[in-house]
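The values are calculated or read from the model by the stated rules, or taken from the named source; none is laboratory data. Keep in mind it's a predicted model, so treat the numbers as computed, not measured. Cβ placement follows ideal geometry from the backbone for every residue including glycine, while neighbour counts extend to all protein chains displayed. Heads up: the accessible areas ignore ligands, DNA and RNA and are worked out on the full protein's heavy atoms, side chains in. Shrake-Rupley method; radii C 1.70, N 1.55, O 1.52, S 1.80 Å.
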Amino acid sequence: MTDLLSRLLAERDWILADGATGTNLFNMGLGAGDPPEFWNETETDKIRALYRGAVDAGSDLFLTNSFGSNAARLKLHGAQARARELSRLAAELGREVADAAGRPVVVAGSMGPTGEIMAPMGSLTHDIAVEMFHEQAEGLKEGGADVLWVETISAPEEMRAASEAARLAGMPLCATMSFDTAGRTMMGVTSEGWAALAAKLPQVPVAFGANCGVGASDLLRTVLGFSAQGTGIPIIAKGNAGIPKFVHGHIHYDGTPELMAEYAVLARDCGARIIGGCCGTMPEHLVRMRAALESRAAGPRPTLEVITQALGEFSSPSDGTGDGAAAAAQGRRSRRRRG
């Protein structure tokens, strides 16, 4: 059978994903440096509330609280042997909330980076990385996740390992990289490079794209780069709610619900099919994002100038591709109208 996300993509022009995990959990009392994955066992009502917050705000898809539930990250807390278990618990709580939603909602099993450097630059070998990702993937599968959602990856080698793990687990895959260094990932991947890599992964993703990064403007410039490549794979846009600022001892993101509504519409017009938020994105942002997507007709593919006028200036003058992907995207106008 076709997975739920693929069926929804075949039926709809866009899908609203969820918002932040960490920001919401910090607001619920998670301490700095504490592993949020432990809450899948000790604070189950708060994790249910996290998931329900997205669903009640209109999200068609939400990520599980398992971003750091791999052996490498859990080793920092002496819990490396619990990677599969904590991943399963995260997905089980998600499955419970999704099944009670009264409409189709995708449970996306979040898988973040290991935090280690891949060989040959670092000590993490491909085989060990695959093993760690596979262990996490099997836990998410056992818990009832509909799709694996590999996110915030910077290195192509790590993405290949995660993709191979998804193939071994027999699970559909979504994958996003984080572009936060002058339009490139920390390891130098451009939007053009990621689009080419996605089409050649061991498990070709159901959808690919970008998350987190610097701000909404930068992320949409990257999305334009994906669209310019014409891979045919649906694009994901999951940008931060503005720029983080330190206010009264806490990190605060300055993106208003109104700004995120503009971002959501522009993301759709840039070519994204799965649209959500990352750091700082709260349920009130998601409500306005859904309302904007439902009420505002699709427009032409925006220029870079239109994006900066609506969302603010880019953090760097270039997206890292020179006269390539983004430049081609800037001059384009979409022929496809999306609702």
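If you take the Cα Rg of segment 148-290 and divide it by 2.2 N^0.38 Å, with N the number of residues, what do you get?
Numbers: Rg = 14.9 Å, N = 143, 2.2 N^0.38 = 14.5 Å.
Ratio of Rg to 2.2 N^0.38 Å for segment 148-290: 1.03.
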message: Probe radius 1.4 Å, ligands and nucleic acids ignored: give me the carbon and sulfur share of the accessible area of the chain as a rounded percent.
response: 52
Ratio Rg/Rh, restricted to segment 128-197 and using Cα atoms, in which Rh is the Kirkwood radius: 1.01
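Could you grab the relative contact order for the chain? Cα pairs under 8 Å, six or more apart, rounded to a whole percent. Spell out each step's value before the answer.
Values: 765 pairs, mean separation 58.0, N = 339.
Normalised by residue count, the contact order of the chain is 17 percent.
Round to the nearest 0.05 the FRET efficiency obtained for Ser295 and Lys245 when R0 = 45 Å and r is the Cβ-Cβ distance.
On the way: r = 30 Å, r/R0 = 0.67.
Rounded to the nearest 0.05, the efficiency is 0.90.
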query: Per 20 Å bin, what percent of the C-alpha pairs of the chain does each bin hold, from zero upward?
result: 34, 61, 5
task: Can you send over the solvent-accessible area of Asp13, 1.4 Å probe, protein chains only, in Å² to the nearest 10?
output: 60
task: Take the Cβ-Cβ distance between Asp99 and Met28 as r, set R0 to 25 Å, and report the resulting FRET efficiency rounded to the nearest 0.05.
output: 0.65
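I want the local charge near Glu313. Using Cβ-Cβ distances under 13 Å, sum +1 for each Lys or Arg and -1 for each Asp or Glu among the other residues.
Values: positive: Arg221; negative: Asp218, Glu305.
Spelling it out: positives minus negatives among the neighbours equals -1.
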Average Cα contact separation per residue, segment 122-201, under 8 Å, 6 or more apart, as relative contact order %: 31
task: Report, ordered by chain and residue number, the lysines lying within cross-link reach of Lys238, taken as a straight Cα distance under 24 Å and ignoring same-chain residues fewer than 8 apart.
output: Lys46, Lys141, Lys200
task: Obtain the nm distance between the two label points defined at Asp45 and Gln309 by a simple spin-label model: each point lies 7 Å from its Cα along the Cα-to-C-beta direction.
output: 5.0
field: Under 5 Å, built H, 5+ apart or other chain: amide partners of Val147
entry: Val107, Gly109
- prompt: How big is the gap, in Å, between the Cα center of segment 144-214 and the Cα center of segment 219-275?
  reply: 17
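Leaving out ligands and nucleic acids, and using a 1.4 Å probe, what accessible area per residue does the chain come to in Å²?
Working: 13400 Å² over 339 residues.
On a per-residue basis, the chain sits at 40 Å².
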field: Mean projection area, nm², convex hull over Cα of segment 67-178
entry: 6.6
